[in-house]
Structures are given as C-alpha cells and as structure tokens.
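Asks: Provided herewith is a single structure, encoded as structure tokens, for subsequent inquiry.
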Amino acid sequence: MLVRRFSRVAAGSTAVIAFGLLTACSTAAQSTPTPTAAGGTTAPVADKGAAGSVKTAPPSQLCTALTADAAKQLIADARPTAQVSPNKGEAPDVCGYAAADGTSMLSLTPGTRAYDTELSAAHDVSKNPAPAGMRDMRVDTVSGLGEQALRETAYQVQTRQQITFVVWNTGTRTWVLSFATRANASTTPAAVSDDKVVQVARFITAKLPAGR
C-alpha cells in the first residue's frame, strides 16, 4: 500500500509523488495511498503478512468524507490504504485507497499551502514539466467547487502514470484530491465537467472537516 502525501505542485516534486504512488503497491503486493508536491511523505506499507511489527497510524478523519463508496466511483475495487506511523511526531493527514492490483490510487489530503500558491506553482510546472519527469501537463479552472478550484493533469514518463490533481479552497481550508493510474501512453484529459475526479471532489466537499 502506498501512502505518499503531496503538499502539491512544486517543480521536481511531481515525479516524486507519482513514482511513490504506484511503485509502492507494486513492491508491496496486495497492500494498500497522492502526485505534484513537496511536503511530508511516509513510507509504503507492505501487506500484513510481510509487515511484521510495522506500526500503522489510525485511519484519518478524512475518510469520513472520502469513503470507500466515494472512492469506488474511480476505483471499482478500492481498498483503504494504511499509513506507517512515524517514530516521532504525527503522520501526515491522508485518506487513501488503491486498486487490489496496485494499478490505480486515490488520496485526499489537506493542502499545506495557500490556494494561490498552489495555483502559481501548478502554472510554473506546466510551463516546463520535463524537469519534473512529466509531459502533456495542463492546468484547468474548475467551477462549482468551493471558492476556487483547479484541475491539473499530466503524464509521468518514468513510471508511466496518468495523474490528476484537483485542488480547491473552501474558504478556511485548501484540499487536494489526487488520482494516479498506470497507462502506457498519455491520454487527452476529459472535459473538466465530465472528469470523474472532479465529480468525486464535488461529492465529498460538503463532508470535509471544518477549518482550524
């Protein structure tokens, strides 16, 4: 299972997030996850048989918003992912799901930067995605989601993943919903209004915890 957290788009970090996403599942068979940002990360969790004494963090409160039913709108056999508990401090707040075969992963995290900073960073990376290991990257405005929202899509070359981030601001908080799936080649993203990742973000936003 994977559990990699993105604060979101910062040049060079997109590749890190995407790589961690799907690689974690492939190296930890049957285990159960998000891609463009710097920010804290946690190690992948192997399946229970191999994990031994690995200590995992309790399920995130965010999973009361991003439920299994919501995740299954994107991943038919979505399984909750576990997160390794650090030796010191608290684990980053993340709710994640993955396909049983590790080919798709979905995660929700609170943004660690202001929405305007996320938007600026996304546009900076889109102007020159190659250093981040990306191509065919685009940033689109999303309507009807919070006060401000964007969708970022790209293809991660090394790990052959198509990735989508939806970032939105609800006034007191910024949220990041990340979806990655293996693909042999980049694809043309769906229209924003038809994008299932955007639809899931709209579906869960009313259930998100209030700001603090």
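The values are calculated or read from the model by the stated rules, or taken from the named source; none is laboratory data. Since the structure is predicted, the reported quantities are computational estimates derived from the model, not experimental observations. Neighbour counts run over all protein chains shown; Cβ positions are idealised from the backbone, glycine included. When the accessible area is computed, the model is the full protein with side chains, heavy atoms only, and any ligands, DNA or RNA have been set aside. Shrake-Rupley method; radii C 1.70, N 1.55, O 1.52, S 1.80 Å.
Asks: Say we look at region 169-192 and pick out the residues that are touching a Lys or Arg at 6+ places or on another chain (Cβ under 9 Å) and in a strand (DSSP E or B); which of these is most open to solvent (accessible area, probe 1.4 Å)? Show your work before the answer.
Replies: Applying the first criterion (touching a Lys or Arg at 6+ places or on another chain (Cβ under 9 Å)) to region 169-192 yields 172-174, 176, 178-179, 182-186, 189-190, 192.
Pick out the ones that are also in a strand (DSSP E or B) and you get 174, 176, 178-179, 182.
Details: 174: 12, 176: 0, 178: 1, 179: 30, 182: 98 Å².
Step by step, filter region 169-192, then rank; the result is 182.
Asks: Something else now. Could you run through region 171-188 and say how many residues are out of contact with any Phe, Trp or Tyr (no Cβ under 6 Å at 6 or more places or on another chain) and under 17 Å from residue 73 (Cβ atoms)?
Replies: 4
Asks: Also: Taking residue 202 as the residue in question, decide whether it is surrounded by fewer than 20 Cβ atoms within 10 Å (Cβ to Cβ) and modelled with pLDDT under 95.
Replies: Details: surrounded by fewer than 20 Cβ atoms within 10 Å (Cβ to Cβ): yes; modelled with pLDDT under 95: no.
Judged against the criteria, residue 202 is not a match.
Asks: Now a separate question. Does residue 69 count as part of a loop (DSSP other than H, G, I, E, B) and at pLDDT 90 or above?
Replies: Details: part of a loop (DSSP other than H, G, I, E, B): no; at pLDDT 90 or above: yes.
For residue 69, the condition - part of a loop (DSSP other than H, G, I, E, B) and at pLDDT 90 or above - is not met.
Asks: Turning to a different aspect of this structure: Restricting attention to region 42-59, does a residue exist that is modelled with pLDDT of 50 or more and within 22 Å of residue 203 (Cβ to Cβ)?
Replies: Yes, the conditions are met somewhere in region 42-59.
Asks: Taking the condition touching a helix residue (DSSP H, G or I) at 6+ places or on another chain (Cβ under 9 Å) and of a type in the set (Lys, Arg), does residue 173 pass? Step through it out loud before you land on a result.
Replies: Values: touching a helix residue (DSSP H, G or I) at 6+ places or on another chain (Cβ under 9 Å): no; of a type in the set (Lys, Arg): yes.
It is false that residue 173 is touching a helix residue (DSSP H, G or I) at 6+ places or on another chain (Cβ under 9 Å) and of a type in the set (Lys, Arg).
Asks: Give region 72-98 a look and list any residue that's among the hydrophobic types (A, V, I, L, M, F, W, C) and part of a loop (DSSP other than H, G, I, E, B), or say none.
Replies: Across region 72-98, the qualifying residues are 74, 75, 76, 78, 82, 91, 94.
Asks: Quick test for you: out of 68, 76, 98, 82, pick the one residue that is more than 17 Å from residue 110 (Cβ to Cβ) and either touching a helix residue (DSSP H, G or I) at 6+ places or on another chain (Cβ under 6 Å) or basic (Lys, Arg) (or both).
Replies: Working: 68 fails: either touching a helix residue (DSSP H, G or I) at 6+ places or on another chain (Cβ under 6 Å) or basic (Lys, Arg) (or both); 76 fails: either touching a helix residue (DSSP H, G or I) at 6+ places or on another chain (Cβ under 6 Å) or basic (Lys, Arg) (or both); 82 fails: either touching a helix residue (DSSP H, G or I) at 6+ places or on another chain (Cβ under 6 Å) or basic (Lys, Arg) (or both).
Exactly one of 68, 76, 98, 82 is more than 17 Å from residue 110 (Cβ to Cβ) and either touching a helix residue (DSSP H, G or I) at 6+ places or on another chain (Cβ under 6 Å) or basic (Lys, Arg) (or both), namely 98.
Asks: How about region 131-168: which of its residues are aliphatic (A, V, I, L, M) and part of a loop (DSSP other than H, G, I, E, B)? Walk me through how you get there before you give the answer.
Replies: Looking only at region 131-168, we keep the residues that are aliphatic (A, V, I, L, M), and these are 132, 134, 137, 139, 142, 145, 149-150, 154, 157, 163, 166-167.
Across region 131-168, the qualifying residues are 142, 145, 157.
Asks: Please indicate, with yes or no, whether at least one residue in region 99-116 is open to solvent by 30 Å² or more (accessible area, probe 1.4 Å) and in a helix (DSSP H, G or I).
Replies: Within region 99-116, the subset open to solvent by 30 Å² or more (accessible area, probe 1.4 Å) is 101, 103, 112-114, 116.
Of the ones still in play, those that are also in a helix (DSSP H, G or I) are 116.
Yes: one or more hits.
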